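What follows is one structure encoded as structure tokens, with my remarks underneath.
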């Protein structure tokens with residue numbers, strides 16, 4: 001799959017995601033990100049107040065990709081929705 005995406009969430013927060021498959025070594029990439037990126041030390045995830053993890057990034061990316069694929073496969077008549 002080899003993907004990366006960014007999205008702006010309500011409130012102005014930007015989240016970037018990846019599947020960590022760029023070099024075909026997902027776990028190695030996730031371990032390196034965990035060790036080197038401050039995000040995984042500083043960002044907390046609610047409701048259990050745990051640290052943000054590379055697995056969270058991957059899951060968010062895969063869910064977003066699935067949402068996008070579903071939307072692109074839906075019938076579209078070429079007219080904007082109102």
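The values are calculated or read from the model by the stated rules, or taken from the named source; none is laboratory data. What you are looking at is a predicted structure, and each value in this text was computed from that prediction instead of being measured. Virtual Cβ from ideal backbone geometry, glycine too; neighbours counted across all protein chains shown.
Condition check ((1) at pLDDT below 90; (2) touching a helix residue (DSSP H, G or I) at 6+ places or on another chain (Cβ under 8 Å)) across all residues:
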site	(1), (2)
18	yes, yes
22	yes, yes
27	no, no
38	no, no
52	no, yes
68	yes, no
72	yes, no
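Give me the pairs: first residue in segment 44-62 and free of Cβ contacts under 8 Å to residues at least 12 places away in the same chain, second residue assigned to a loop (DSSP other than H, G, I, E, B), beta-carbon distance under 6 Å, and six or more apart or on different chains, which are they?
Sorted first by the residue in segment 44-62, then by its partner, the pairs are 45/52.
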